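All remarks here apply to the structure that follows.
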Amino acid sequence: MSLNESTSRLADRSVSLVFFAAPFLVAVALLVGLPPSPLAAQNQQQPRVELPDEPFEYVDVPLPDHFLSNDFPQSMRFANAAIDNDNTPADNPTTNEGATLGRVLFYDASLSSNRMTSCAACHLGANSFSDPTVRSIGVFGQLTRRHSMSIINARFYQPGRFFADQRAQTLETQVLMPFVDPVEMGLDLPTLVSIVDDLDYYDPLFTDAFGDDKVTTDRISKSLAQFVRSMVSFNADYDKGRVEVDSPLDPFPNFSDQQNLGKDLFFATGPEIGSCASCHVSEAFILGPQGARNNGLDEQSTVDGGTAETTGRLEDVGAFKVASLRNVELSPPYMHDGRFATLEQVVDHYSTGVQDHDALSPELRGPDGPLRRNFSPDESAALVAFLRTLTDREIGTDLRFTNPFRNPPELEPSDGGSNPNGDSVLDSHREDEPDFAQQASPEVAGGPNTKPPLWPRFLVIGLAATAVAITTVRYRQKYVTSSH
């Protein structure tokens, strides 16, 4: 056998080997560098939870008197006491142990398909447990459809239906839905249960809350709902002034003239006035028993049908649930689509911008069309000043509602990435808690939540591409050239 024949035979064998190996290399390329499955992640080091020896107090927190009684005049027909709207079900009363478990679940980034996304990723304490971005970023970088609203005072939303389109029948239902949403957290419920069951720190928490360590979706749901319901805000300047007067309509001694004017404008009623207080009821300032409302954002609903997408009713087109106005200063952007960046823009909408939608809520419809308040510049500024008196800066830093996770001792947090606002992730997510791990931020937590490097995937893809190229060249040399 000549040297050329031996070389050719060796080359043919190499071509055959590469031909059969190429698909395998391509498959490896697709797998290398992908994050491990959520269950596989449990074999890595688990995050560290720091909780007090005795649970924080979530139950015996006295509400102020103005949450317990209705001191509005009877002429304000939609007014009521906040406590009258309590949506806590009989089978899920809040307990200290249950809310503690809910707090850990709320901040646990392990409970998502990329192990980087927690409930707190879209509901930040520094922003009244809302998202400062227009739409939240999900597990694989997709954007949510709507803005993530504040969950403060969710306990006092009497209809008890949640999400902007009210598709969740109860808070207990709502808290599970982000886990199984393919954009938000990307799991299914059996996988969620398996992840929680495999994390050692949950055993004593479930035992304390429910009597044994069995993990079920019902228990996850109930404990998360307890934690959310415990987020009640009543430590604002409004509350400090309210305790000094008999009626919310009296001038507050701690308010400026401008703030009292804004309060008067907010509570003003009359047949030709689209009263703010007709929708934002009680002194929890939350949407009333009438439920989701169409506030005339658009003349026609061409992009988002709102609650009608849930109910199928024409009268619900363009109607949305809104959050409590408590801490509204801290929770921009506003509306379901985040179209308004400032409170001034919101007030301008009600002043001159209410549109004549076919399903416009009756509170905003007059005999000649939409009710527009036509505020003067001074009145608009006064109303904004009043809304800022509803800001409770204590609830965002209250230890009961902060992140209980800390980085493992040997890991140091990175500088973080950037969010769509251009702020560092470390600052935008937990600037009020520098001592806690940034579990909601993919670039900060480190350890199991760190993104895998991409260079192995590119290396194997390169090898696979080279193998395919060699195979193609040898094939052309042997068969195509020889056929001529």
Report the local net charge at S282: Lys and Arg +1, Asp and Glu -1, summed over other residues whose C-beta lies under 11 Å from its C-beta. -3
Which pairs, out of K214/K321; K222/K263; K222/K321, put more than 26 Å between their alpha-carbon atoms? K214/K321; K222/K263
Putting +1 on Lys and Arg Cβ atoms and -1 on Asp and Glu Cβ atoms, find which of H349, I286, S361 reaches farthest to the positive end of the dipole of the range 274-372. I286
Only Lys, Arg (+1) and Asp, Glu (-1) charged, at Cβ; the range 237-388 dipole about Cα centre in debye: 280 debye
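Here, each number is a calculation from the coordinates, and none is a lab measurement. Since we're looking at a predicted model, the values are computed, not measured. Please note: Cβ atoms are built from the backbone with ideal geometry, for glycine as well, and neighbour counts cover all protein chains shown.
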